[in-house]
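Here's the structure we're looking at; comments come further down.
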Amino acid sequence: MALGGMIGGGIYAVLGVVAKIAMFATWFGFVAAGVVAICAGYSYIKLNSLGDQRGGSVSFVQEFVGNSTLAGMVGWSLLFGYIGSMAMYAFAFAEFTIGFGAVPTEIGGLPLRPILSVLVVVLFVALNVAGARVTGSAETVLVAAKVGILVAFGIWGLVYLSPISNQSIEFGTSQLTGVTPLVAAAISFVAFQGWQLLFYDQESIENPTETIRTAVYVSIPAAVVIYVMVAVVTTNLAPEAIQQHPHVALGDAASAMLEYFGLASLGFLIISVSALFSTGSAINATLFSSGHFAKNLVSGGLLPDQIADSTADGVPSRAVIVLGAVTAAFTAWGSLGAITSFASLAFIVVFGAMSLLAFQQRDQSTVNPVPPAVGTVGAFVFAPVMLWNLYHREPHTFWMVLVIAVFVVGVELLYFEREELESHVPRGVEDGVSTVTERVEDEARKVDDDIEDTVDRFGKSE
């Protein structure tokens, strides 16, 4: 589950965006992001073992900080991060669908990409509302299949590049001294989320402390190795495709290396079908998990009751519909760069905050301060670097991400600090509001009386 939460939808959606920026140094971005992610994983594991509450980020903040507002803001940030991830998967799903030659790019003058993205979100919302989801055993098989395809892609690609084609492999070492690899790491960070979902479902895991620790320490390095192989192969075999249509560059790389056997079209087909399945299952799994997460936030008083029914069995249908609607809006009107950047920013901030929280527990004998320190510094270097890159390279995306972030934080503060804000409203304003309210109510009563009189007169005339 931890490996499947990272590998699949993320690599198909993120690789093209990151490679277009860092090109041959893309692999280093995945390594740097993986280091920060595993340090955050260490922090989660230690906080989980030290605390009385078994849970994830929200529980850690409530227990170790004792601030419900911060806990709620962390929960909301994660929820928006999951929405951004689903929007990213839906975007990639549509791009790979259009990559098939038989599929048009527009219908009736309307671009098909947003339509397909929204439709796939609607499909999985309907499936989750109906109660259909992949069972645990089937999920294990499906994760093994998609991981197997990517591992085979990476290994055969490296063999093809060197011994067979005699093509020299570029690693972009000249770029490693600049800021580009850090930008790549920041943007690719969203591809390393998913493992933390295990902390929200510990009741269903046998020997959860040991099992989750093993899962985190195995899955994140495994994901790094696979991402690095895929990045090196794709950037070396399909450099032109990355610049022209980066979203499906993975398919072009598969075509190039299977062309040796005269099976170029088969290579593109295998990768594209794998991408459709992986991004689709990622939407389904994230929607299911985030629906449960929203339900927990509602039961803890950290999310409005209108979002989900905290007493519902399984995933609340209302939460799934709300999350699906926001995801559909994101994926229809946002660019892949903006969606990816916003989702990465949300996880960078939350993972960095958890690393900082673990670092504050360094006086505990079981906590080594080095990993939390690395996680904290890494995360809070990534955030400004990513925003700086967007401001200079894609100012439109920068302002979109900034507006979304300000809106989210503003709504969070208004919700969690509403009582505090009400207490600071001047008395005169309150009196004025009360007076206006009373006048409106008086007028409404008069209108009701007039209506009743009219009805009475009408009845008598009849």
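Angle between the Cα long axis of helix 264-299 and the longest principal axis of the chain, 0 to 90 degrees, nearest 10?
30
So what's segment 189-246 giving for Rg/Rh, alpha carbon basis, Kirkwood Rh from the mean inverse pair distance?
Rg/Rh: 1.20.
Would you mind classifying segment 326-422 by shape? Square roots of the alpha carbon gyration tensor eigenvalues, ordered a ≥ b ≥ c; an a/c under 1.5 is rounded, otherwise it is prolate if a/b is larger than b/c and oblate if not.
Because a/c hits 1.5 or more and a/b fails to exceed b/c, segment 326-422 counts as oblate.
Per 5 Å bin from zero, what fraction in whole % of the C-alpha pairs of segment 242-392 is there, up to the bin with the longest pair?
Calculated P(r), rounded to whole percents: 2, 8, 10, 11, 13, 15, 15, 12, 8, 4, 2, 1, 0.
Working from Cα positions, state the angle (0 to 90°, nearest 10) between the long axis of helix 68-99 and the longest principal axis of the chain.
Its long axis makes an angle of about 50 degrees.
Taking segment 181-281, which GluC sites (Glu not before Pro) meet the DSSP loop condition and have no more than 16 other C-beta atoms within 10 Å?
GLU206
Note down the magnitude of the dipole of the chain about its Cα centre, charges +1 on Lys and Arg C-beta and -1 on Asp and Glu C-beta and zero elsewhere, to the nearest 20 debye.
The dipole magnitude comes to about 1940 debye.
Which whole-percent values make up P(r) of segment 14-61 when all C-alpha to C-alpha distances are grouped in 5 Å steps starting at zero?
The calculated distribution, bin by bin, is 5, 20, 19, 13, 11, 11, 11, 8, 3, 0.
Quick check on the exposure proxy: order ILE404, ILE107, ILE7, ILE321 from fewest to most C-beta atoms within 10 angstrom.
ILE107, ILE321, ILE404, ILE7
How tilted is helix 317-333 with respect to the longest principal axis of the chain? Cα atoms for both, answer in degrees (0 to 90, nearest 10).
60
So what does the Cα-only Debye profile of segment 84-208 read at q = 0.14 Å⁻¹, as log10 I(q)/I(0), no solvent term?
For the requested q values the scattering log ratios are -1.09.
In vacuo Debye scattering of the chain, one point per C-alpha: log10 I(q)/I(0) at q = 0.07, 0.09, 0.12, 0.14 Å⁻¹?
-0.40, -0.62, -1.02, -1.36
Give me the dipole magnitude in Debye, nearest 20, for segment 234-351 about the Cα centre, with unit charges on the beta carbon: positive for Lys and Arg, negative for Asp and Glu.
For this selection, approximately 200 debye.
For segment 1-150, report the convex hull volume of the alpha-carbon atoms normalised per residue, in Å³, without decimals.
188
Only helical DSSP H runs with n ≥ 4 go in: add -39500 (n - 2.57) per run for the chain, normalise by residue count and round the 222 nm mean residue ellipticity to 500 deg cm²/dmol.
-25500 deg cm²/dmol
Ranked highest first by average number of other Cβ atoms within 10 Å, how do 328-339, 88-99, 59-70 line up?
So the peptides 328-339, 88-99, 59-70, ranked by packing, come out 88-99, 328-339, 59-70.
ASP309's amide H: which non-local residues (gap 5+, or another chain) put their own amide H closer than 5 Å, with H modeled 1.01 Å from N in plane and none for Pro or chain starts?
Amide H neighbours of ASP309, under 5 Å, 5+ apart: ARG318, ALA319.
Would you mind giving the three semi-axes, in whole Å and largest first, of the ellipsoid equivalent to segment 300-357 according to its Cα gyration tensor?
25, 20, 8
Values in this text are rule-based calculations from the coordinates and carry no lab data. Being a predicted model, the structure only gives us computed values, none of them experimental. Every residue, glycine among them, receives a Cβ derived from its backbone with ideal geometry; neighbour counts consider all protein chains shown.
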